[in-house]
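Okay, structure first, notes after.
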Amino acid sequence: SCENLLYDHLQQYKNMKLSSKTIIAGNIVFAMIMNYISFFEDSLSMNTEPLILELHSCVQHIPGSSSMSKILFYKKKAEEIIFKLINRSVTDSWFYSPSRKKRHPDPLNCLMNYGNYILFTLCQITVRSKGLHPGLGFFYNNNTGTSLVCDIMEPFYFRVTRLILRMIHQGKITKNHFIRSNTGWQLSHDGIMDFTRAFEGELLSIMPGDQSCLKNLIDAQVFCIYDWVKNGNPVRIYTRERVR
């Protein structure tokens, strides 16, 4: 039953050694960075090679990190580099952004916030549908009761970025899709509809080198956690292979 699974999940989680949790946390951040490296190397944008080398440098430190604070340090460093790479890949100068921010967003941050919100919602629904506890995360340790959901999102953030950059490049999202407000830029009704429709398409698309579509990859990642809870099998994290 669902109650039994929640109990099993809690027990399995409580019985974990900190070292085991740190290894999985490192694998989550490693996957997030590697998936971005793979994406940016495949997209072959101009003037990105030095930044990609910086990402490689960050990711090399993750497997040997023995503490959450070290993993977090390299994650934050990588995220700053990733945001620079995103800006260099933006083909419409109206979307250039000085920094990643969730509050009072500019248009690029507005798109990232909304895309990540849709991804979060999907991951949370998938976690709950399997009967897992959404608050038992390996890397994240927040008080919102959704730390496992945040963990599961990490390796898939690059797909939100991929969608945003493609929509900007193809002119499917423009400044006409935005409204200025006291709290920053927001998507208009048409902007929300167009972006949500495109996100649904992204969920069903298969990237070269992947075995299945994004939605199935998220399902498989959640099932891997379920399998760990039920059978004690290792927690593997989705890491994309670069297509050469």
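The values are calculated or read from the model by the stated rules, or taken from the named source; none is laboratory data. Bear in mind the structure is a predicted one, so any value in this text is a computation, not a measurement. A quick note on method: Cβ atoms are made from the backbone with ideal geometry, for glycine too, and the neighbour counts reach across all protein chains shown. Remember, those area values only see protein heavy atoms, side chains included, never the ligands or the DNA or RNA. Shrake-Rupley method; radii C 1.70, N 1.55, O 1.52, S 1.80 Å.
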Residue check: is R100 part of a loop (DSSP other than H, G, I, E, B) and under 27 Å from S205 (Cα atoms)? yes
Report yes if some residue within segment 69-80 is crowded, with 18+ Cβ neighbours inside 10 Å and not in a helix (DSSP H, G or I); otherwise report no. no
Among the residues of segment 184-194, write down those that are exposed (fewer than 14 other Cβ atoms within 10 Å of the Cβ) and not in a loop (DSSP other than H, G, I, E, B). H189, D190, I192, M193
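Yes or no, residue by residue, for (1) in contact (Cβ under 8 Å) with a residue 12 or more places away in the chain; (2) among the β-branched types (V, I, T):
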| residue | (1), (2) |
| --- | --- |
| I192 | yes, yes |
| F199 | yes, no |
| N216 | no, no |
| I225 | yes, yes |
| P234 | no, no |
I'm trying to understand the selection: among the residues of segment 8-37, which are in contact with a His (Cβ under 7 Å, 6 or more places away or on another chain) and buried (at least 19 other Cβ atoms within 10 Å of the Cβ)? H9, I37
Within segment 159-183, which residues are touching a helix residue (DSSP H, G or I) at 6+ places or on another chain (Cβ under 7 Å), open to solvent by less than 50 Å² (accessible area, probe 1.4 Å) and over 28 Å from N35 (Cα atoms)? H177, F178
Residue that is farthest from the chain's Cα centre (by Cα), among those in segment 213-244 that are surrounded by fewer than 16 Cβ atoms within 10 Å (Cβ to Cβ) and of a type in the set (S, T, N, Q): N231
Cβ contacts < 6 Å: first residue within 18 Å of N113 (Cβ to Cβ), restricted to segment 166-185; second residue open to solvent by 100 Å² or more (accessible area, probe 1.4 Å) and β-branched (V, I, T), any location; separation 6+ or different chain. Result? none
Check on F30, closer than 21 Å to D227 by Cβ, aromatic (F, W, Y) and under 18 Å from the mean Cα position of the chain (by Cα): yes
Single unsatisfied condition, S93 versus (1) modelled with pLDDT under 90; (2) small (G, A, S); (3) open to solvent by 40 Å² or more (accessible area, probe 1.4 Å): (1)
Do we find a residue being more than 18 Å from T161 (Cα to Cα) and open to solvent by 80 Å² or more (accessible area, probe 1.4 Å) anywhere in segment 106-123? no
Residues in segment 198-212: is at least one over 14 Å from M153 (Cα atoms), touching a strand residue (DSSP E or B) at 6+ places or on another chain (Cβ under 7 Å), at pLDDT 95 or above and surrounded by fewer than 18 Cβ atoms within 10 Å (Cβ to Cβ)? no
Out of the residues in segment 129-144 meeting the condition of being more than 12 Å from H9 (Cα to Cα) and modelled with pLDDT of 90 or more, tell me which one is most open to solvent (accessible area, probe 1.4 Å). S129
Set I225, I192: member being β-branched (V, I, T) and closer than 22 Å to G135 by Cβ: I225
Taking E154 as meeting all but one of (1) on the phi < 0 side of the Ramachandran plot; (2) open to solvent by less than 40 Å² (accessible area, probe 1.4 Å); (3) out of contact with any helix residue (DSSP H, G or I) (no Cβ under 6 Å at 6 or more places or on another chain), write down the number of the exception. (3)
